[in-house]
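Worksheet for the structure shown next.
Readers should treat all values here as calculations from the given coordinates under stated rules, not as data from a laboratory. Since we're looking at a predicted model, the values are computed, not measured. Ideal geometry is used to build each Cβ from the backbone, glycine not excepted, and the neighbour counts take in all protein chains shown.
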Amino acid sequence: MKGTYRLGLLFSSTGPYATIGQAMLNGALLAIEEVNARGGFPFTLEAVSADPQGLNSNYARLAKSMLIDEKLVHVIGCYTSSSRKE
């Protein structure tokens, strides 16, 4: 029986960073799809996505929600250094 690892994807697909954020989100989703399609792993990956809309105040709130409410242990994303600091 395979387990599932849920990954938090925190990319701004709208707002001032929409172009790069959507490209990064698409890349992450493609990577997850390729890992799952390849098989041979004792797990599958599942994306849990959130859009901070390029607003620094949203990054910490959404990351906290992913970690506490969604009980995720892996969050990927944050394009700018200011968003990573949040």
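Net charge dipole, the stretch 1-72: roughly 180 debye, given to the nearest 20, about the Cα centre with Cβ charges of +1 for Lys and Arg and -1 for Asp and Glu. Between residue 30 and residue 60, the simple spin-label model (points 7 angstrom out along Cα→Cβ) gives 3.4 nm. Under Stokes-Einstein, with the Kirkwood radius over Cα pairs standing in for Rh, what whole-number D in µm²/s applies to the chain at 10 °C and 1.306 mPa s? The estimated diffusion coefficient comes to 119 µm²/s. Packing order of peptides 26-32, 38-44, highest average first: 26-32, 38-44 (average count of other Cβ atoms within 10 Å over each peptide's residues). For the pair residue 47 and residue 6 in one chain, pulling the backbone fully straight at 0.36 nm per residue adds 14.2 nm over the alpha carbon distance.
If you take the beta carbon distance between residue 69 and residue 14 as r and set R0 to 22 Å, what does 1/(1 + (r/R0)^6) give as a FRET efficiency, to the nearest 0.05?
0.55
Order 7-14, 53-60 from most to least packed using the mean count of other Cβ atoms within 10 Å.
By packing density, highest mean first, the sequence is 7-14, 53-60.
Distances between placed amide hydrogens fall under 5 Å for residue 6 paired with 46, all partners being 5 or more residues away or on another chain.
What angle do you read, to the nearest 10 degrees and between 0 and 90, between the alpha-carbon axis of helix 18-38 and the longest principal axis of the chain? Its long axis makes an angle of about 10 degrees. Under the criterion of Cα pairs below 8 Å and six or more residues apart, the relative contact order for the chain equals 42 percent.
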